[in-house]
1. Do you know which of the residues in the stretch 59-111 that are open to solvent by 90 Å² or more (accessible area, probe 1.4 Å) and hydroxyl-bearing (Ser, Thr, Tyr) is nearest to the chain's Cα centre (by Cα)?
2. Taking the stretch 112-121, which residues are part of a strand (DSSP E or B) and either open to solvent by 30 Å² or more (accessible area, probe 1.4 Å) or of a type in the set (Lys, Arg) (or both)?
3. Give me the pairs, please: first residue somewhere in the stretch 65-90 and closer than 14 Å to Phe149 by Cα, second residue anywhere and aliphatic (A, V, I, L, M) and assigned to a helix (DSSP H, G or I), beta-carbon distance under 7 Å, and either six or more positions apart or on two chains.
4. For the stretch 12-70, how many residues are of a type in the set (A, V, I, L, M, F, W, C), under 23 Å from Trp100 (Cα atoms), assigned to a loop (DSSP other than H, G, I, E, B) and in contact with a Phe, Trp or Tyr (Cβ under 8 Å, 6 or more places away or on another chain)?
5. Are any of the residues in the stretch 37-48 open to solvent by 80 Å² or more (accessible area, probe 1.4 Å), within 30 Å of Glu104 (Cα to Cα) and either under 25 Å from the mean Cα position of the chain (by Cα) or of a type in the set (A, V, I, L, M, F, W, C) (or both)?
6. Report whether or not Gly11 is touching a helix residue (DSSP H, G or I) at 6+ places or on another chain (Cβ under 7 Å), surrounded by 12 or more Cβ atoms within 10 Å (Cβ to Cβ) and under 19 Å from Glu68 (Cα atoms).
7. Just checking, how many residues over the stretch 144-171 are assigned to a helix (DSSP H, G or I) and open to solvent by less than 40 Å² (accessible area, probe 1.4 Å)?
8. Please determine whether any residue of the stretch 89-107 is in a helix (DSSP H, G or I) and of a type in the set (Phe, Trp, Tyr).
Amino acid sequence: RRTTAAIAVIGISGQFPGAEDVHAFWDLLMSGEDATRELPSHYLDREKYYSPERQTGKTYCHRGGVLENRDCFDPLFFNMSPRDAESMNPHQRLVLQESWKALEDAGYNPKSLAGSRTGIFVGSEPTGYFHDMFVGASEAIVASRLSYFLNLRGPALVGNTGCSSSGVGLQLAI
C-alpha cells in the first residue's frame, strides 16, 4: 500500500521576465500582462539573424522574455572571484542567488545548514553556454556548486527531462 506525505513549500524566490520577484510575478499573472518584448540588439542582431519569413540560419521571432536584473550577481558574497563568476553560466549564478533568497524567505540562515544532510535537486535544461572553464559552462555542476558553497552533505542532483525537469527535480527531492 502506498502512502503519501504532505509537502510544504516554506520558502520561495525567483526572477521572471517583467517581474523581479515572486510577488511581482503573481501580480503580473493576475493582471494578464504580457512580459515579452522586442529583443534588444545585444540579444538579437536583427540585421544578421532576423527575417520576418522563415529562412535557414535566421530566426523569425524578435520578441522574448528577458530578466531585468540578470547581471546583478555579487561574486564576492559567494566567495568567488569576479573572473570566475564571469565564466559561469548565468543559470548557475541565478540558482546560487535565488536559492539563497529562498532559504532566507523560509526563515533560515543558509549558513546554519552547513554540515547537514540537506539535498539539492535542480531541474535544468542545457543553455548552450560555452566558456573557457568546464565548471562554469556545465549544467551538471549547478546543484553541486550550491551544495559546495553551503557545505551540505546530502545529494546534489541535476535532472534534465525536457519540459518536466522542475517537476522531476521536486519528485526526486521527495
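1. Ranking the qualifying residues of the stretch 59-111, first place goes to Tyr108.
2. Once the filter is applied, which keeps residues that are part of a strand (DSSP E or B) and either open to solvent by 30 Å² or more (accessible area, probe 1.4 Å) or of a type in the set (Lys, Arg) (or both), the stretch 112-121 yields only Phe121.
3. If the second residue must be aliphatic (A, V, I, L, M) and assigned to a helix (DSSP H, G or I), the pairs left are Pro75/Ala85; Phe78/Leu96.
4. If we filter the stretch 12-70 for residues that are of a type in the set (A, V, I, L, M, F, W, C), which is where we start, we get 12, 16, 19, 22, 24-26, 28-30, 35, 39, 44, 61, 66-67.
Okay, now just the ones that are also under 23 Å from Trp100 (Cα atoms), so 12, 16, 19, 22, 24-26, 66-67.
Filter once more, keeping what is assigned to a loop (DSSP other than H, G, I, E, B): 12, 66-67.
Add one more test, that the residue is in contact with a Phe, Trp or Tyr (Cβ under 8 Å, 6 or more places away or on another chain), and what stays is 66-67.
Total meeting the criteria: 2.
5. Taking every residue of the stretch 37-48 in turn, none turns out to be open to solvent by 80 Å² or more (accessible area, probe 1.4 Å), within 30 Å of Glu104 (Cα to Cα) and either under 25 Å from the mean Cα position of the chain (by Cα) or of a type in the set (A, V, I, L, M, F, W, C) (or both).
6. Numbers: touching a helix residue (DSSP H, G or I) at 6+ places or on another chain (Cβ under 7 Å): yes; surrounded by 12 or more Cβ atoms within 10 Å (Cβ to Cβ): yes; under 19 Å from Glu68 (Cα atoms): no.
No: the conditions fail for Gly11.
7. 6
8. Pass one, the stretch 89-107, residues in a helix (DSSP H, G or I): 90-105.
If we keep only those that are of a type in the set (Phe, Trp, Tyr) as well, we get 100.
Checking the stretch 89-107: at least one residue is in a helix (DSSP H, G or I) and of a type in the set (Phe, Trp, Tyr).
The values are calculated or read from the model by the stated rules, or taken from the named source; none is laboratory data. Only a predicted model underlies this, so the values are computations on that prediction, with no experimental measurement involved. Every residue, glycine as well, gets a Cβ built from its backbone with ideal geometry; the counts of neighbours run over all protein chains shown. Just the protein is used for accessible areas: all its heavy atoms, side chains included, with ligands, DNA and RNA removed. Shrake-Rupley method; radii C 1.70, N 1.55, O 1.52, S 1.80 Å.
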